[in-house]
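Step one of this worksheet: look at the structure below.
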Amino acid sequence: MTVAPQSIQAVPASTATYRATTAQHLITIVLTWWLLGGLFLDGWAHNHLGESLETFFTPWHAVFYSGFVAVASWCLYLASRGWQMGRRGLAAFPDGYSLAAIGVPLFGLGGIGDLIWHTVFGIEVGIEALLSPTHLLLFAGGSLILASPLHAAWKSPTSRRAALSLRWVATLSATSILALTAFIHMYMWGLLSVPQGLGWVQTRGELSAVLLTALMLAAPVLLLLRRFALPFGAIAVMYTLTNTAMALMLSPGDWRVPGVALACGLLADLLCVLLNPSPVRVWAFRAFAFLLPLAVWIPYLGGAVWLELSNLSLELWLGVAVMTGLGGLALSALVLPPALPMAALED
């Protein structure tokens, strides 16, 4: 008896998940760093040439907006490949890049608005340049673009110990987001003294900036740890690149804080290896969340006092350092909240 062969039905391309490769993620990250480089260059101009800026058409704006054109073109290229597969709408973008699909037009709208705003109202000086409506629109669109590789890595169907390359994609994308966050909050970045350039915390008033900065530094690390096992050196890379960009923008040639960031980042990486925090090791996750800010602020504040670069009392600097640790612990409860009882889920 002859059995007719069963026909094999091909799965339509539109139903399969479209994922970018690691190499494509890295290209996205490099292009976003072009965008970020232009942003920090523009920040340098506003901080050092603020009173003399009279036009929208500057060399640093050229770097900034050309970086946007480059990364936007790349994202559209990735979408065109999805279109060729038969995918439409947001589904034409690689999985996780729907953020870029929203961020690109949002950023473009902010750029047009920025040109009109500067033409009508002139060039902002000081904190006004960070808080103008069109700049906030640029920041919102840019953050969505920067987060796309992280979003894609997060959604990848792999374990916490995914391929090392994918974990570095997530780390580098998170570094971009941290750098943008630091830029937006440069007037409250606790590792700086904005009026005088890069320096050590000198007054009680600046300690409030330390508490805010501690949360901004801890948040991306704890978020990554909920999904990935971070490779050694990841925290050092995040902290060093971010603070190097801030140093080059606000006080070129001063390498004290980038050096401290590197040392503290490596210390935090060592703590991460020893504690191995993860969602299933909640006690280790909480302990690491408390110790992570301490690994930054005890060396930073204590070192400043020891080197006689600050006159803060022992009670003050050590107490603030402990408060940063408590802030990290509280943040861990938001990143990894306690499980809900079944009765609560039934409602």
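The values are calculated or read from the model by the stated rules, or taken from the named source; none is laboratory data. Here the structure is a predicted model, which is why all the values come from computation and not from measurement. Note: ideal-geometry Cβ built from the backbone for every residue, glycine included; neighbour counts use all protein chains shown.
Below are the figures for this structure:
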quantity: In region 32-49, residue farthest from Ala72 (Cα to Cα) [restricted to those that are under 26 Å from the mean Cα position of the chain (by Cα) and modelled with pLDDT under 80]; calculated: His48
quantity: Residue list for region 274-286, filter: in a helix (DSSP H, G or I) and either touching a Lys or Arg at 6+ places or on another chain (Cβ under 9 Å) or more than 19 Å from Gly325 (Cβ to Cβ) (or both); calculated: Leu275, Phe285
quantity: Matching entry among Val104, Val69 (being buried (at least 22 other Cβ atoms within 10 Å of the Cβ) and either in a helix (DSSP H, G or I) or in contact with a strand residue (DSSP E or B) (Cβ under 6 Å, 6 or more places away or on another chain) (or both)); calculated: Val104
quantity: In region 306-338, residue nearest to Trp189 (Cα to Cα) [restricted to those that are more than 28 Å from the chain's Cα centre (by Cα) and surrounded by fewer than 16 Cβ atoms within 10 Å (Cβ to Cβ)]; calculated: Leu309
quantity: Within region 264-302, tally of residues that are in contact with a helix residue (DSSP H, G or I) (Cβ under 7 Å, 6 or more places away or on another chain) and either under 15 Å from Val210 (Cβ atoms) or among the hydrophobic types (A, V, I, L, M, F, W, C) (or both); calculated: 25
quantity: Unmet criterion (only one of (1) surrounded by fewer than 19 Cβ atoms within 10 Å (Cβ to Cβ); (2) modelled with pLDDT of 90 or more) for Phe56; calculated: (2)
quantity: Any hit, region 225-232, residues being buried (at least 18 other Cβ atoms within 10 Å of the Cβ), assigned to a helix (DSSP H, G or I) and touching a Cys at 6+ places or on another chain (Cβ under 9 Å); calculated: yes
quantity: Residue match in region 289-298 (condition: part of a helix (DSSP H, G or I) and surrounded by fewer than 16 Cβ atoms within 10 Å (Cβ to Cβ)); calculated: no
quantity: Condition broken by Leu274, with the remaining ones in (1) under 25 Å from Met186 (Cα atoms); (2) of a type in the set (A, V, I, L, M); (3) free of Cβ contacts under 8 Å to residues at least 24 places away in the same chain satisfied; calculated: (1)
quantity: Number of the condition not met by Gly82 [criteria: (1) within 21 Å of the chain's Cα centre (by Cα); (2) part of a helix (DSSP H, G or I); (3) at pLDDT 90 or above]; calculated: (1)
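Each row is one residue, and each column tells you yes or no for (1) of a type in the set (A, V, I, L, M); (2) at pLDDT below 95; (3) at positive phi.
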residue: Thr2; (1), (2), (3): no, yes, no
residue: Ala10; (1), (2), (3): yes, yes, no
residue: Leu26; (1), (2), (3): yes, no, no
residue: Val71; (1), (2), (3): yes, no, no
